[in-house]
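Undergrad: I'd like to ask some things about the structure below.
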There are 2 protein chains.
Amino acid sequence: MFYIIGVGLGDVKDITVRGLEIVRSAKRVYLESYTSILPENKLQLENFYERQLIEADRELVEQGADEILDKANEDNVVLLVVGDPFSATTHADILLRARDLNIDTKVIHNASIMNAIGCCGLQLYHFGETVSIPFWTDIWKPSSFLKKINQNKSNGLHTLCLLDIQVKEPTWESITKKKKEYQPSRFMEVKQACSQLLQIIDSNEFDGENYVTRESLCVGAARIGWPDQKIVAGTLAEMVNVDMGSPLHSIVIVGTLHPLEEQFLKQFYIESK
Amino acid sequence: MFYIIGVGLGDVKDITVRGLEIVRSAKRVYLESYTSILPENKLQLENFYERQLIEADRELVEQGADEILDKANEDNVVLLVVGDPFSATTHADILLRARDLNIDTKVIHNASIMNAIGCCGLQLYHFGETVSIPFWTDIWKPSSFLKKINQNKSNGLHTLCLLDIQVKEPTWESITKKKKEYQPSRFMEVKQACSQLLQIIDSNEFDGENYVTRESLCVGAARIGWPDQKIVAGTLAEMVNVDMGSPLHSIVIVGTLHPLEEQFLKQFYIESK
């Protein structure tokens, strides 16, 4: 059997009881190491699970699926994924590959930022489409995500913005070489994302009508589910100056607030800090 | 400390390791019993947790918060919630009440249908606003959810439809009496929701432009996260005749399919059954 098991968000003990039992009894356990920050705590996970974990980087998961799935019709093989297994496209890929090989598969769900973001007090069913905000480069400054935020906001909906993560990205120079060299890991911060958003708004170079202004209410969320989780609410212009601490960060661009949402969110307003 | 702990979706062992430790060491443990079906398995949960659970119905959670929170600044008190703690409004209420009483609070997240629905192969970030489809009565047949589904579909987005649950609803006759009598529990099925949707479409009595037709692709999802989870994809007209088995059910009205989504969803098509 091939299992994909979500390990949750922050604590080594966030794996479910069922997930832990499977991990402990499996033949091989891989830890997906490129869509989150948890793998930096691999040793902690290994100690708690009482298992050695094999690091699975993007190359292995995307191109080496058959290696991971080797003998999975005889033995139990596990791929651990931070959050819930279905937050990243690649895991659908490897499940399809397993089915092609007639290997039974099972998924053990867990919390992901897509539902845990509810802890800021905004109701999950008042969220529209989720967007991703990528790191800009000198020559590549996409702004299409603003269009989706505007679409949501015009319908009164909140937008969860997932901020870019670059882990084990090969350097440009090594991309065609056999021996890859990797850039240092980078995790976009709330203030950086807000700064990019402000630049797009100030430039007036975007498609369609704009509902997001410097005064729009945003919620910065850092390390959700971790012991030192931090939530701060303020205007876009204010959030540019807020240091949310270590990664991972995300932002919500708030749509129309309902009374209970407003009441709950109040405790996180910058003024009340 | 007052804890709200998500117990996940289907299996008693879906609680996280951290959640279980807290449950076992707490003074009182309440089990929220009105937004899901798991409480029917209360005994199973009690056996596995090795704890007695106090059933917390809607009245207790919404009007008896102070009873639940009694002495929670000295002892650990837990409220167990099926799925993730932030899927229902009432839990924001009780957290706010705890803060008013200067009681520390902590939330232990878990999977909820809002993220676990990804298991049908549709990407979570291609979903728009989630809607709820309520049971119709003879004189109350709301159709406003179709407007939101249309809004999503016109933007190429999928819509998760949560289907009505009626647990411990007082009978109309007993509503003003001291001793309440309760209606039998009801859980809306996929085929019932599809039938209501078809009736709205056929009646042509709805606001705005309509993108949902009898031929629109839908995904029925039953008992997600349970050992006997079932997923079936078909047109709205086909799904009216599909028996998805025991509750809980939900539906996704599919927006624009991306190639990998289509490839994954194929395995669930009615034709391939």
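A short reminder: the numbers here are calculations on the coordinates, not readings from a lab. A quick note: this is a predicted structure, and the numbers were derived from the prediction, not measured. Backbone-built Cβ (ideal geometry, glycine too); neighbour counts: all protein chains shown.
Undergrad: Please determine whether any residue of segment B:58-68 is acidic (Asp, Glu), within 24 Å of A:GLY225 (Cβ to Cβ) and within 22 Å of the chain's Cα centre (by Cα).
TA: No, because not a single residue in segment B:58-68 is acidic (Asp, Glu), within 24 Å of A:GLY225 (Cβ to Cβ) and within 22 Å of the chain's Cα centre (by Cα).
Undergrad: Quick test of your reading of the structure: A:TYR3 fulfils all but one of (1) over 21 Å from B:GLY19 (Cβ atoms); (2) of a type in the set (Ser, Thr, Tyr); (3) not in a loop (DSSP other than H, G, I, E, B). Name the failing condition by number.
TA: (1)
Undergrad: Quick one: what pairs do we get from segment B:6-27, first residue at the interface with another protein chain (Cβ under 9 Å from one of its Cβ atoms) and surrounded by fewer than 24 Cβ atoms within 10 Å (Cβ to Cβ), second part of a strand (DSSP E or B) and of a type in the set (Ser, Thr, Tyr), C-beta under 8 Å, 6+ apart or different chains?
TA: Final answer for the pair search is B:LYS13/A:THR16; B:VAL17/A:THR16.
Undergrad: Sticking with this one: Does B:SER112 count as under 22 Å from A:LYS266 (Cβ atoms) and within 14 Å of the chain's Cα centre (by Cα)?
TA: no
Undergrad: Might you let me know whether segment A:152-161 holds any residue that is crowded, with 19+ Cβ neighbours inside 10 Å and either away from every other protein chain (no Cβ under 13 Å) or small (Gly, Ala, Ser) (or both)?
TA: The answer is no, given that none of the residues of segment A:152-161 is crowded, with 19+ Cβ neighbours inside 10 Å and either away from every other protein chain (no Cβ under 13 Å) or small (Gly, Ala, Ser) (or both).
Undergrad: Quick check on segment A:187-217: of everything there that is among the charged types (D, E, K, R) and free of Cβ contacts under 8 Å to residues at least 40 places away in the same chain, which residue is nearest to A:GLY156 (Cα to Cα)?
TA: That would be A:GLU215.
Undergrad: Related question: Consider A:SER174 against the criteria (1) without any contact (Cβ under 8 Å) to a residue 40 or more places away in the chain; (2) of a type in the set (S, T, N, Q); (3) under 30 Å from B:HIS91 (Cβ atoms): it satisfies all of them except one. Which criterion is unmet?
TA: (3)
Undergrad: State the number of residues belonging to segment A:104-126 that are at the interface with chain B (Cβ under 7 Å from one of its Cβ atoms) and touching a residue at least 40 places away in the same chain (Cβ under 8 Å).
TA: Number satisfying all stated conditions: 10.
Quick grid of which residues meet (1) in contact with a Ser or Thr (Cβ under 6 Å, 6 or more places away or on another chain); (2) of a type in the set (D, E, K, R); (3) at positive phi; (4) crowded, with 23+ Cβ neighbours inside 10 Å:
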{"position": "B:TYR49", "(1), (2), (3), (4)": "no, no, no, no"}
{"position": "B:ASP57", "(1), (2), (3), (4)": "yes, yes, no, no"}
{"position": "B:GLN63", "(1), (2), (3), (4)": "no, no, no, no"}
{"position": "B:VAL81", "(1), (2), (3), (4)": "no, no, no, yes"}
{"position": "B:HIS109", "(1), (2), (3), (4)": "no, no, no, yes"}
{"position": "B:ASN115", "(1), (2), (3), (4)": "yes, no, no, yes"}
{"position": "B:SER132", "(1), (2), (3), (4)": "no, no, no, no"}
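Undergrad: Suppose the filter is in contact with a strand residue (DSSP E or B) (Cβ under 9 Å, 6 or more places away or on another chain) and basic (Lys, Arg); does B:LYS153 pass it?
TA: Against the criterion (in contact with a strand residue (DSSP E or B) (Cβ under 9 Å, 6 or more places away or on another chain) and basic (Lys, Arg)), B:LYS153 qualifies.
Undergrad: Give the residue that is nearest to A:ILE54 (Cα to Cα), with candidates limited to residues of segment A:81-103 that are in contact (Cβ under 8 Å) with a residue 60 or more places away in the chain and either within 7 Å of chain B (Cβ to nearest Cβ) or not in a loop (DSSP other than H, G, I, E, B) (or both). Before you say what the answer is, go through the steps one by one.
TA: Step one: of segment A:81-103, the residues in contact (Cβ under 8 Å) with a residue 60 or more places away in the chain are A:81-85, A:91, A:94-95, A:98, A:103.
Now drop any that are not either within 7 Å of chain B (Cβ to nearest Cβ) or not in a loop (DSSP other than H, G, I, E, B) (or both), which leaves A:81, A:83-85, A:91, A:94-95, A:98.
Numbers: A:VAL81: 12, A:GLY83: 18, A:ASP84: 19, A:PRO85: 17, A:HIS91: 17, A:ILE94: 16, A:LEU95: 19, A:ALA98: 19 Å.
Going through the qualifying residues, I end up with A:VAL81.
Undergrad: Restricted to segment B:145-170, and to residues that are in contact (Cβ under 8 Å) with a residue 60 or more places away in the chain and either assigned to a helix (DSSP H, G or I) or of a type in the set (Lys, Arg) (or both), which residue is farthest from A:PHE127 (Cα to Cα)?
TA: Once the filter is applied, the top-ranked residue is B:LYS168.
Undergrad: In the list A:GLY255, A:GLY234, A:GLY220, A:GLY225, which residue meets the criterion of being touching a Leu at 6+ places or on another chain (Cβ under 9 Å), without any contact (Cβ under 8 Å) to a residue 60 or more places away in the chain, surrounded by 15 or more Cβ atoms within 10 Å (Cβ to Cβ) and of a type in the set (Gly, Ala, Ser)? Steps first, please.
TA: Details: A:GLY255 fails: without any contact (Cβ under 8 Å) to a residue 60 or more places away in the chain; A:GLY220 fails: touching a Leu at 6+ places or on another chain (Cβ under 9 Å); A:GLY225 fails: without any contact (Cβ under 8 Å) to a residue 60 or more places away in the chain.
That would be A:GLY234, the only listed residue that is touching a Leu at 6+ places or on another chain (Cβ under 9 Å), without any contact (Cβ under 8 Å) to a residue 60 or more places away in the chain, surrounded by 15 or more Cβ atoms within 10 Å (Cβ to Cβ) and of a type in the set (Gly, Ala, Ser).
Undergrad: Wholly within segment A:176-273, which helices (runs of 4 or more DSSP H) include no fewer than the required count, namely at least 1 residues that are within 21 Å of the chain's Cα centre (by Cα)?
TA: A:190-203, A:236-239
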